[in-house]
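Okay, structure first, notes after.
Derivation of every value follows stated rules applied to the coordinates shown; laboratory data play no part. Values in this document were obtained by computation on a predicted structure and should not be read as measured data. Cβ placement follows ideal geometry from the backbone for every residue including glycine, while neighbour counts extend to all protein chains displayed.
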Amino acid sequence: MKLPEPQVAVLNAASATEEQPIDRLAEETGLKPETATQAVFELRDDGLVDVTETESVEYELTEEGRAYVDAGLPEIRLYRAAVEAGAAEEPVQMGRVIGAAELDGPEVDIALANFGRKGYGEIDSGELAADGDADPESDPEAVALIALAGGEDPVDVDDEDLDQLVSRNLLERHERTVRSVTLTDAGVTALMEGVEAAETVDRLTPEMLTSGEWEDVEFTEYNVEADAPEVRGGKTHVLRQTAERVKDVLVGMGFQEMDGPHADADFWINDCLFMPQDHPARTHWDRFALDVPPIDDLPEDLVDRVESAHREGVGEDGDGYHSPWSEDFARAIALRGHTTSLSMRYLSGTQVGDLEPPQRFFSVEKVYRNDTLDATHLLEFFQIEGWVMAEDLSVRDLMGTFVEFYEQFGITDIQFKPHYNPYTEPSFELFGRHPTTGELIEIGNSGMFRDEVLEPLGVEHDVMAWGLALERLAMLTTGAEDIRDLHGTLADLDFLRGAEVTY
């Protein structure tokens, strides 16, 4: 019997009494795994071997997982630091505990996200309370991670713990089909009678065509069932896709894009918005202050007008806040908590000069807030900022803009709720219905800028404005139920690979 050389090699290496994985046969014969696989299926089709398939799951610690085996999980380090700081008796400042726990960069978000989930304590308004009865030594995820690092069989580890470690990117799960080969009686008979290698070729070349050699050679059959390595090409992140789609829609609606600094003076971030300096949102609970020199190049006349609006109000009926106002605080630098700081720069004429109505501007930029992490909140996220300056604008114009905007994403169930903002009146929040859970989730805030905002800026026309959440729009279009699945240290990579953006 004459067979292609790879088939002869596999047939000689196979056993009639012992199942052998194709990988082992490839190693013994010196064939490439894909060549050995093809030979096995061709022999099976000829009845010379039997092939059995079993599913195999293997786990491998990631670099981050190996680091936590030595250093400990971030949430456990945070808990121990909290207990040492006395948080088991009374709440302590979160920043103090984070510093004591020596958490760096992404570890802070990871620790805060898992601290409450595991019942180690609670985080509220920037303070952390620890449960003194918690037992970090028996933390199932930490125990499982150490066991796997020590070579323990994953079968002995709870499936739920394995799934959690995989979702946290501390473990990599490798699932594959193991195909094992045994000789059939016909295969044994063929070997006993003698098998010779026949010369075969796996591709047709120009030289074979011109020489006529193709008429005399035997071509290897193409096996569509052969294993092939998984190839994952690069892909634009779902949030970037959504952001680009938002920009396309708003430009199509006649808007121009704004840009500006992430770190800015509190003057642009809050003071121009008629936010009192003693407002809770301007304390360290919500604000990321930077230890850098204050800004010097603020328009002095604008600073005076804004201070007057805060102290005395605007117009005959204006009364101001009668609360402390410090120019030093206004010049202090912080990470912007909203991109409305860009709107203030543009409306004041500081960024691009005086603007004559009608004008439409937008931005899709990152903002930073000291929020508590949960399924709909992150410490940093993207805001869709927008405003329109024109004559005789009304809330109906604002609502109509949202209806038109969200229809471009297939979202038609938009609901509005009256709301209070220091800088807009009237104001309202927007809610959209989640396609999977059916729940209404807040997707934005909006309103008409007050005279106390516009008059100091020198704007004499109506301005309607909004701040929408890009991540929550992506949740509505992709079906993600947790904002942390979209980006951050806990992002679901499988979800991101398959997520589609609605156009």
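The order of R232, R369, going from fewest to most other C-beta atoms within 10 Å of their C-beta, is R232, R369. Net charge in the neighbourhood of G438 (other residues with Cβ under 14 Å of its Cβ; Lys, Arg +1, Asp, Glu -1) is -2. Rounded to the nearest 10 degrees, the angle from helix 395-407 to the longest Cα principal axis of the chain is 10 degrees.
Report, in listed order, any pair from K235/K417; K118/K366; K118/K247 with a Cα-Cα distance greater than 32 Å. Correct reply: K235/K417; K118/K247. Rounded to two decimals, the Cα radius of gyration of the chain over 2.2 N^0.38 Å is 1.38.
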